[in-house]
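In what follows, a single structure is set out as structure tokens and then discussed.
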Amino acid sequence: MHRRQKLPQSGGSQMSHRCTATATEPHGAIRPHSVRCEVCVSGSLTIVGLGPARPEHLTQEAVQALQAAVADPHSWRVYGLAHARALAEAIAPGLQIRSLDYLYGLTGVDRPLAYADLAEMLTRRAFSDGHHVLYLVAGSPLFYNDAVLAIRRRAAAQEQAIRLIHGMAFLDLVLDRVYWTGHSGLALWSAWNVAFDGVALDVGAPTLLVQLGEFGSSGDALNEDRSPEMLGKLRDRLRRQYPADHPVLVLYSSGPPEYRSEGRRIELSALADQPVPVYSNLWVPSIGGPDLEATLAAPSVRRMVDPLSEVLS
Amino acid sequence: MSLRFILPPGPFPPVDPPEPDTEDELSDDFDLPEPETEFVPAGERLDLGAVFRDRLYTGHHLDGPARSALQSRLKEALESGDMAKGAEVLAAWADTWSLSAMVDDANEQWSTDPDGVSLSVLTRAAEVIELALGWKTGPNGPWPWPDAAALRAAVGAIDPERDCVLARHPLDGAEQLAEALGIPLQVGNPLALPPHVLVAPEELVERRAELGAALAEGTYTAVVLLGEPPDMPATALARGELRLEGDAQVAVDRHGLAGLLAPDAPAWTAVRAPAPVAADAPPTLDTVLDAACDGALVPGPPGRIRRGDLDTVGVLLWVGPHPPVWVAPVAVHVLRGLNGTRSLGQLAEAMGAPPDALLEVATELLRVGAAVRV
Ligand SMILES: C[S@@+](CC[C@H](N)C(=O)[O-])C[C@H]1O[C@@H](n2cnc3c(N)ncnc32)[C@H](O)[C@@H]1O
């Protein structure tokens, strides 16, 4: 069992001792805090963004964090939800990851409560119990992740620093199928806000609506069956600002293992005509904006093309 | 007059003490520290756990008396309109087939070298036995507690001067047994179990942080709740954290203290697998098949019975580690007609069935491993 040094909690705030050890060694190898710091009261909390889809989206920093944890399992406690676990296992086979999936299946516990509880639990594990915690999340930790937001706020309130390993966000995959010029900006909203919270869009800028078709404000998207319910509401709200034949692009992923960026262009009036897959988004071009921004872009090729073999064939 | 120490039938089917070491083994163990000296009271021992384990957790009991008792209980439940009970009893009845093939090995394994699979099999057997005998669950885990008559029969004549109950864990039911038998209680050596802590259910939420920390630190492998905590979100979240951090918590929640000995016990549904199937060409009217399992007609699969919808269905039942398969009644009729000698064409004629339809059913039976080619 990994032994942690603990100081008596009395006499001074948690900040009275500032650990000067850095969590990253030269050459980028990540070591748990306590390996260097013999007097530090607290453990550490590292949020690791693992990218939105395929293992090759992970940053080197994230890969190193996973490899450090698998090499020294007694020093780290690793936690994650389903998709993040699958990605991490692909990079670091044998890594013991504690599954947080149970938070989605507790009676009487909605998503906001589950995320708040998760934040309380992980900050406690790190800063009160003194463990070195890795919290694995899919995509970028900073885009639409309520648990990460709650962890950051809690840690700040406790004057504790967390380590954040950035990850590629889903936006990169999604923007693959549009030609966004950037000339009139870009608005980012949850489709839920528009459909149910009465948020009006700026029709002069293109908008990306995430969490399309999800039927709970906090990302309840286990299957696509219930998506038309929200799509109908969203269509009606958008119709107050956009004409029925306004082109919109439904942007989604083909899912594992390829996660190709898929898209279809439809008229706004047809938005609720068929369900959308889990993890869908809606691109709403601006009114009067460039046609290019209302066009479905050709898919990019994933394979590396070897120019020589292309010529030979 | 020598004393008789009666061990209660809890908190789970006992693990037999190891056989005395042989001289060879002793010399192998030469470098190991001396085992701690235990207080073992002198006198005769009656381990009720072992008595009921070896009497009830057997293939013979499950495919004989337990199955017949469940049949009567199913009838009673359906006649009284208790559909939830009916569904539960039918599922238990159907499981007596696979259990009858698995329980003796599980019993042997658990008694000598406990592991997760044997625990899962014994736990399912415990649920089935409890329904069959109409006993109540004991003080911890899913283990049925014998009724007064069964206890007295197992103990035989009682002599309060000579007999006493030996308590080895607060949850082994010793007090309950001493009271039921009207004999004194004596505290014996505690059961050797991995570190755990007993917690009153109403304390769970307020002690959550402390318990979570102790589990994460490895001070305990599980928290054993002394009852059901109040049903509220804070309880569900606290239990979630215990399961997240305690190495044996999931197993203990499912199997009681026995889970401490087999933290990796799989779910019962993961213990059985579909029957093996031979990859052959589709049968023709010349093919001769034999049945590889039993078939029965019952008032519906459990899910439908629970909804109050009673209609005859067939069920294919293996005396092996395979789950039952619910089928149309005709499949059971065909299965019963397979005898390993006549061809499917002859069977179609004997049953007065259209040959194509019979071939379709036979193909299905082969596909689920219920029939084999001869
Ligand atoms: C709760 S947000 C989390 C985003 C995550 N933090 C990230 O940066 O990728 C989930 C939403 O992101 C979008 N999303 C996530 N993964 C995606 C993917 N592989 N392809 C397309 N959209 C995706 C969907 O709109 C989904 O409803």
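The values are calculated or read from the model by the stated rules, or taken from the named source; none is laboratory data. This structure is a prediction, so every number in the text was calculated from the model and none was measured. Positions of Cβ are generated from backbone atoms using ideal geometry, with glycine treated the same way; all protein chains shown enter the neighbour counts. SASA here: full protein model, heavy atoms, side chains in, ligands and nucleic acids out. Shrake-Rupley method; radii C 1.70, N 1.55, O 1.52, S 1.80 Å.
Listed residues A:THR123, A:THR107; which is under 17 Å from A:GLY43 (Cβ atoms), within 12 Å of chain B (Cβ to nearest Cβ) and not aliphatic (A, V, I, L, M)? None of the other options fit; the residue is A:THR123.
Applying the set (1) in the same structural domain as B:PRO142 (by TED's automatic domain parsing); (2) surrounded by 20 or more Cβ atoms within 10 Å (Cβ to Cβ) to B:GLU241 leaves exactly one unmet item: (1). Looking for something within 16 Å of the ligand (Cβ to nearest atom) and not in a helix (DSSP H, G or I) - is there at least one such residue anywhere in segment A:80-97? The answer is yes; a qualifying residue exists.
Name every residue in segment A:239-274 that is outside any loop (DSSP other than H, G, I, E, B), touching a strand residue (DSSP E or B) at 6+ places or on another chain (Cβ under 7 Å) and of a type outside the set (Ser, Thr, Tyr), in order of residue number. Within segment A:239-274, A:PRO247, A:VAL248, A:LEU249, A:VAL250, A:LEU251, A:GLU262, A:GLY263, A:ARG264, A:ARG265, A:ILE266, A:GLU267, A:LEU268 qualify. Flag: B:GLU206 matches the condition of being open to solvent by 40 Å² or more (accessible area, probe 1.4 Å) and on the phi < 0 side of the Ramachandran plot. Residues of segment B:152-175 include none that is among the basic types (Lys, Arg), over 18 Å from B:GLY43 (Cβ atoms) and within 14 Å of chain A (Cβ to nearest Cβ). Taking first residues from segment A:90-102 that are on the phi < 0 side of the Ramachandran plot and partners that are open to solvent by 60 Å² or more (accessible area, probe 1.4 Å), the Cβ contacts under 8 Å between residues at least 6 apart in sequence or on separate chains come to A:ILE91/A:GLN67; A:ALA92/A:GLN67; A:LEU95/A:PRO73; A:LEU95/A:GLU89; A:GLN96/A:PRO73; A:ILE97/A:GLU89; A:TYR102/B:ARG243. Of all the numbered requirements in (1) surrounded by 13 or more Cβ atoms within 10 Å (Cβ to Cβ); (2) modelled with pLDDT of 95 or more, B:GLY10 misses one, and that requirement is (2).
Scanning segment B:304-320 for residues that are touching a residue at least 40 places away in the same chain (Cβ under 8 Å), open to solvent by less than 30 Å² (accessible area, probe 1.4 Å) and among the small types (Gly, Ala, Ser) yields one hit, B:GLY320. Within the bounds of segment B:365-372, is there any residue that is touching a strand residue (DSSP E or B) at 6+ places or on another chain (Cβ under 9 Å), farther than 29 Å from B:ASP104 by Cα and open to solvent by 50 Å² or more (accessible area, probe 1.4 Å)? No - not one qualifying residue is present in segment B:365-372. Those helices (runs of 4 or more DSSP H) of segment B:199-286 in which at least 3 residues are closer than 26 Å to B:SER111 by Cβ and within 13 Å of chain A (Cβ to nearest Cβ), considering only elements entirely within it, cover B:249-255.
Which residue is nearest to A:TRP192 (Cα to Cα), if the candidates are limited to segment A:117-139 and must be more than 8 Å from the ligand (Cβ to nearest atom) and open to solvent by 30 Å² or more (accessible area, probe 1.4 Å)?
The selected residue is A:GLU120.
When A:PRO112 is tested against (1) open to solvent by 50 Å² or more (accessible area, probe 1.4 Å); (2) assigned to a loop (DSSP other than H, G, I, E, B); (3) within 15 Å of the ligand (Cβ to nearest atom), just one condition goes unmet, and that condition is (2). Taking the stated definitions as given, is B:ALA180 assigned by TED's automatic domain parsing to the domain that holds B:ASP16, open to solvent by 30 Å² or more (accessible area, probe 1.4 Å), under 23 Å from the mean Cα position of the chain (by Cα) and farther than 19 Å from B:VAL15 by Cβ? No; evaluated as a whole, the condition is false for this residue.
The rows are residues; the columns are (1) closer than 18 Å to A:THR181 by Cα; (2) within 16 Å of the ligand (Cβ to nearest atom); (3) outside the structural domain of A:ARG177 (by TED's automatic domain parsing).
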{"site": "A:ARG264", "(1), (2), (3)": "no, yes, no"}
{"site": "A:ALA272", "(1), (2), (3)": "no, no, no"}
{"site": "A:PRO275", "(1), (2), (3)": "no, yes, no"}
{"site": "A:PRO285", "(1), (2), (3)": "yes, no, no"}
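Scanning segment B:252-287 for residues that are among the β-branched types (Val, Ile, Thr) and surrounded by 17 or more Cβ atoms within 10 Å (Cβ to Cβ) gives B:VAL252, B:VAL271, B:THR287.
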